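**Student:** Have a look at this one.
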Amino acid sequence: MDPLQLYRTELQALVGGETLRAAVHCQRAFGSDRLERSPDEMERLIGFLPGGLRDSALAALRAEPRPEKAWERVVGVLVGADSVIRFDVDQALGGVAAAGHVGSCAARLAEGIRDASMVHCVVTDRRLLFASMDLDPVGFTPLAQLPIGTVLRARREGKLLQRGRVVVDFVDLSELALMTGVFGTGGADVLVAALGGAAKPAPGR
């Protein structure tokens, strides 16, 4: 069922005068988060470690000028290794659901739909937005949104029991994965096409 056809009047009320391109029923994809914590937040969490280990972890954190790599130094201290394991278990299995820095496009959208089991991803000529559906009366409540210009590309990238998985890359190089169907790919193709990507899955997917 195409939500755009079923609920066009209600969706148009949600977006006002914008042109609707697509509406897809989806949820945040299964997988791990790679949303980096801010240095202040990391220092606060490290503060709970025992004294000697805490000092070593803080020194490792402050020695790395790149915030997105600082956690690797901390992990090295905690596990007694000089570097993290190179094999990416998350990517090989369920995939990465969200990746990016604090306040990134992906982080903002992921936070907006964190407590929602299912949402509607709505694409217009101006915005990418997520909305929950109200049943009585039928309508939509916005949860998170970004200007459509923040989307760099979208692609289908299926995983086990997530054939309808779509990865959205943003201009700040963060990414968010959405699951539009366990076995079907129709919703994924609609979403990818609306976001200006290629509907055909990547080789080997």
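The values are calculated or read from the model by the stated rules, or taken from the named source; none is laboratory data. Keep in mind it's a predicted model, so treat the numbers as computed, not measured. Positions of Cβ are backbone-derived with ideal geometry, glycine not excepted, and every protein chain shown enters the neighbour counts. Side chains are part of the model used for accessible areas, which takes the heavy atoms of the whole protein and leaves out ligands, DNA and RNA. Shrake-Rupley method; radii C 1.70, N 1.55, O 1.52, S 1.80 Å.
**Student:** Hey, quick one: spin label on VAL138, modelled 7 Å out along Cα-Cβ, who in the range 4-37 has an amide N within reach, i.e. under 19 Å?
**Tutor:** Within reach of a label on VAL138: 4-16, 20-26.
**Student:** Give me the net charge for the shell around ILE148: Cβ to Cβ below 11 angstrom, other residues only, Lys and Arg +1, Asp and Glu -1.
**Tutor:** +1
**Student:** Any idea what diffusion coefficient the range 105-205 gets from Stokes-Einstein, in µm²/s, Kirkwood Rh on alpha carbon pairs, 37 °C, 0.692 mPa s?
**Tutor:** Taking Rh from Cα pairs, D becomes 237 µm²/s.
**Student:** Follow-up question, since we're still on this one. At a 1.4 Å probe, what is the % contribution of carbon and sulfur to the accessible area of the range 143-189?
**Tutor:** C and S fraction of accessible area: 62 percent.
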